[in-house]
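Note sheet for the following structure.
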């Protein structure tokens, strides 16, 4: 067995999954990619397959070989990889039951003697707040906001999924834009540029084609959410209908932050921003303009897996997880 010399950091989101392998000092050695591993969007089986694909992709680079049977990893192969500690930050880990199910999978496959399973918002908080306290806001396929005091008290707002919430997320923005586009198609609202942009994005011949495309079994949550980038870019060109949709999303995200600040009684907390949409100026600008709380430093987190590296390194000081 290889002496433990690696750290594993996994960021599993609604669009894709990333796995980083680093040395014990946190220097990145390899990166693997997989599809969405949001456990409630794709299910636990497909979610675990996506995580395994990303891990195997990273391990293959370290070994210098191509991954084999990534969707059905052998526990012996992972046990011999020399992973000292692992942190898996996954969208869809929303309860102790979710955490327990992922933890059991890790134990069954002997991934690492020390590991942590957390919601992906923890990665943004760890990667974007200097002292590990403050507020982390994610807007990607879904949305969630996590806050923590300097004393360690935590609170979470949002993250309910596309049917129950996820306001300000890619899916929320896309849904609102699709509603306005269909209303424009039958003359209820004036949004010609938004309708045209959506049809062009999916290469659809006319508005009625939206019905079949959106409701097709092959059209998943991530594909719908990806439409948000089209809407945000159109808002950046001052289209009135797109600006209205993005402004609504910005207000919803601001409410997430203000609610966390109120619940935890935070004073000028640092704010870490994660998710692909938070890196786009139009949404970030409208969100920050709508925030009522006084904030401290604001830091975009472009590479959330590095936050998982921070958490994995902390595990080296702890006892191994019980088998």
Computed on Cα atoms, the radius of gyration and Dmax of the stretch 130-302 in angstrom are 17.0, 56
When a/c reaches 1.5 or more, the comparison of a/b and b/c decides; with that in mind, is the chain rounded, prolate or oblate per its Cα gyration tensor? oblate
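Using the number of other C-beta atoms within 10 angstrom as an exposure proxy, rank 223, 49, 318 with the fewest first.
On the way: 223 16, 49 20, 318 10.
Going from sparsest to densest Cβ surroundings: 318, 223, 49.
Could you tell me what percent of the DSSP beta bridges with both partners in the stretch 130-302 are antiparallel, to the nearest 5?
Values: 11 of 18 bridges.
Once the DSSP bridges in the stretch 130-302 are tallied, antiparallel ones form about 60 percent.
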Using the number of other C-beta atoms within 10 angstrom as an exposure proxy, rank 267, 221, 286 with the fewest first. 267, 286, 221
Rounded to 0.05, the calculated FRET efficiency for the beta carbons of residue 263 and residue 97 at R₀ = 30 Å is 0.80
Between residue 28 and residue 150, how high is the FRET efficiency from 1/(1 + (r/R0)^6) when r is the Cβ-Cβ distance and R₀ = 30 Å? Nearest 0.05. 0.55
For the residues 172, 109, what sequence is obtained by ranking on other C-beta atoms within 10 Å, fewest first? 109, 172
Evaluate the relative contact order of the stretch 196-323 (contact order divided by residue number), counting alpha-carbon pairs under 8 angstrom at least 6 apart; express in whole percent. 21
Could you work out how far apart the two model spin labels at residue 314 and residue 186 are, taking each label as a point 7 Å from the Cα in the direction of the beta carbon, and quote it in nm? 5.2
Between the stretch 233-312 and the stretch 35-62, the alpha-carbon center distance in angstrom: 27
Starting from the Cα of residue 218, step 7 Å toward the Cβ, then list every residue of the stretch 148-187 with an amide N under 19 Å from that point. none
Value of [θ]222 nm, deg cm²/dmol, for the chain, DSSP H segments ≥ 4, -39500 (n - 2.57) each, nearest 500: -13500 deg cm²/dmol
Before anything else, pin down the relative contact order of the chain: Cα pairs under 8 Å, at least 6 apart, normalised by residue count, whole percent. 20
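FYI, it's all coordinate maths here, none of it is from the lab. None of the values given here were measured: they were computed from a predicted structure. So basically every Cβ, Gly included, is an ideal-geometry build from the backbone, and we count neighbours across all protein chains shown.
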